[in-house]
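First up is the structure itself, then whatever we jot down about it.
The values are calculated or read from the model by the stated rules, or taken from the named source; none is laboratory data. Just so we're clear, the structure is a prediction, and the values are computed from it rather than from any experiment. Backbone-built Cβ (ideal geometry, glycine too); neighbour counts: all protein chains shown.
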């Protein structure tokens, strides 16, 4: 069986020693970039390698030109995937401890490069621990394989595309950040507050139950039916603060049976690098 959206802890536990499965620990904390790796070294799912958001899942930041988490160069990321032992035959499972906010970034990036055999752990590390499942410590490595990237550029949009959409309103656009940041209330995350004109609020946390697990598919579908209206998901644009938490919404849409929206990966932190770009506040 191939897993392409989520996997349960019970299902993952059956494959811990499968040589064609790679588990990737994506735990991270924005305010403390070393914390995720430290936690990984202390305890992780057996066999897991570690992916650092800033070092592995992002490219170099160019002040005034990029957002906080630009995509890495394809060649560099393909090399990293190869070092983790991932090739076309590999089932990848990603997890974090924050409702797949960070694991979802890896999920989307692999799909962006043509690899659909990737899923996130529903209930994440917290459920794995609560269930008393096995853990390992230290740093793990895997035998290298060769990952061949097959990019899907249609999965994302550029800042120029977003600017054109601000004028035309041809595509519905959704902001995945919390409602206060969307409205433009001050936040330490970015020097400018607000949202891209025309965007509607779609806070990703509304996809989750009180334990941080995704809501049932029928509830997710009802949520997105209300947001999308008659718009096809593939024609919409989603963004967040810096191209990370947006992927929780994409996972939720997939669980609800929808197609994949396009992503403005630079997101708000990229949008505000140019003071001439318009900013909206309040509700839309």
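So the values come out like this:
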read-out	value
Lone unmet requirement of (1) touching a helix residue (DSSP H, G or I) at 6+ places or on another chain (Cβ under 9 Å); (2) farther than 24 Å from residue 116 by Cβ; (3) surrounded by fewer than 22 Cβ atoms within 10 Å (Cβ to Cβ) for residue 61	(1)
Entirely in the range 113-214, the helices (runs of 4 or more DSSP H) that have 3 or more residues that are modelled with pLDDT of 95 or more, surrounded by fewer than 19 Cβ atoms within 10 Å (Cβ to Cβ) and assigned by TED's automatic domain parsing to the domain that holds residue 242	159-168, 179-183
Subset of the range 41-64 [in contact (Cβ under 8 Å) with a residue 60 or more places away in the chain and either part of a loop (DSSP other than H, G, I, E, B) or farther than 22 Å from residue 76 by Cα (or both)]	41, 42, 43, 44, 45, 46, 47, 48, 53, 64
Residue in the range 242-262 that is surrounded by fewer than 16 Cβ atoms within 10 Å (Cβ to Cβ), at pLDDT below 95, assigned to a loop (DSSP other than H, G, I, E, B) and assigned by TED's automatic domain parsing to the domain that holds residue 179 present	yes
